[in-house]
Amino acid sequence: MRLGVLLSGRGSNFEAIANSIAQGRLDAEIAVVISNRPSAGGLEIARQRGIPLRVIPSAGLNREAWDRLAIEELQTHGVELVCLAGFMRLLSAGFIRAFSGRILNIHPSLLPAFPGLDAQKQALDYGVKIAGCTVHYVDEALDSGPILLQSAVPVFDDDTVDTLSARILAQEHSIYSRAIQAIVEGRVTLEGRTVRIRESEK
Ligand code: GAR
């Protein structure tokens, strides 16, 4: 399956997906990485690995214009599944339609708790005892599509945003590739907003 990765920053989730592919745990190929920020660290990772990359700067472009350029790039590269990996923009209805049911996101909270920005800080400020991350399909609303996988981590009394984020990030790196591989193997079905994933026979 040909993946298109959209990112805005560091790119550690993208790197984890690339590692899963390199290690044979994920039967996919990253066809293209697109960043809306020229300074995104993820671009250097793509460069080092020889993965095609495109920068489409979002500064000064409206949402529809950026999304049209991104759709064109993804289609040119034959992308079948779009993976948002630290992509800090909302997608337009036109983008969602163009890749309907074929867009995933990773979010650093146990959705529907703490959507939006700074999810780990939101969780700490709220005082929850369990935090985590979510891989979900993307629909037109913010962090709201059907949930494929979640992973929970404890919150400790002395946690800071950094320590909690690091604990959650380790889980992000694990569940994102697992969710993609389930789709690749055709083990995922959707009923209403409930996703069911059959056990792997491998
Ligand atoms: C990750 O924690 C990801 O879950 C989060 O941004 C970080 C990106 O890190 N995404 C969101 O908050 C989306 N709402 P990365 O660039 O190292 O993958």
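The values are calculated or read from the model by the stated rules, or taken from the named source; none is laboratory data. Values in this document were obtained by computation on a predicted structure and should not be read as measured data. Please note: Cβ atoms are built from the backbone with ideal geometry, for glycine as well, and neighbour counts cover all protein chains shown. Surface areas here come from the heavy atoms of the whole protein model, side chains and all, with no ligands, DNA or RNA. Shrake-Rupley method; radii C 1.70, N 1.55, O 1.52, S 1.80 Å.
Figures for the structure shown
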item: Search result, residues across the range 1-28 that are within 15 Å of the ligand (Cβ to nearest atom), in contact (Cβ under 8 Å) with a residue 60 or more places away in the chain and aliphatic (A, V, I, L, M); result: L3, V5, L6, L7, A16, I17
item: Exclusive hit being in contact with a Pro (Cβ under 6 Å, 6 or more places away or on another chain) and open to solvent by less than 20 Å² (accessible area, probe 1.4 Å), set V5, V32; result: V32
item: Test: residue in the range 58-79 that is within 17 Å of the chain's Cα centre (by Cα) and part of a loop (DSSP other than H, G, I, E, B); result: yes
item: Residue selected from the range 29-50 under the condition closer than 13 Å to F87 by Cβ and not hydrophobic (A, V, I, L, M, F, W, C), by the criterion farthest from the ligand (Cβ to nearest atom); result: N36
item: Residues of the range 144-162 that turn out to be part of a loop (DSSP other than H, G, I, E, B), of a type in the set (A, V, I, L, M, F, W, C) and surrounded by 12 or more Cβ atoms within 10 Å (Cβ to Cβ), as a count; result: 1
item: Some residue of the range 59-66 being under 26 Å from L169 (Cα atoms) and open to solvent by 20 Å² or more (accessible area, probe 1.4 Å); result: no
item: Any hit, the range 168-175, residues being at pLDDT 95 or above, away from the ligand (no atom under 12 Å from the Cβ) and farther than 21 Å from V79 by Cβ; result: yes
item: Criterion (hydroxyl-bearing (S, T, Y) and more than 15 Å from the chain's Cα centre (by Cα)) met by exactly one of S8, S12, S39, S35; result: S39
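Conditions tested, residue by residue: (1) out of contact with any Lys or Arg (no Cβ under 7 Å at 6 or more places or on another chain); (2) open to solvent by 30 Å² or more (accessible area, probe 1.4 Å); (3) within 14 Å of the ligand (Cβ to nearest atom); (4) in a helix (DSSP H, G or I).
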position	(1), (2), (3), (4)
F87	yes, no, yes, no
L91	yes, no, yes, no
G101	yes, yes, no, no
I106	yes, no, yes, no
Q122	yes, yes, yes, yes
A131	yes, no, yes, no
L164	yes, no, yes, yes
R178	yes, yes, no, yes
V195	yes, no, no, no
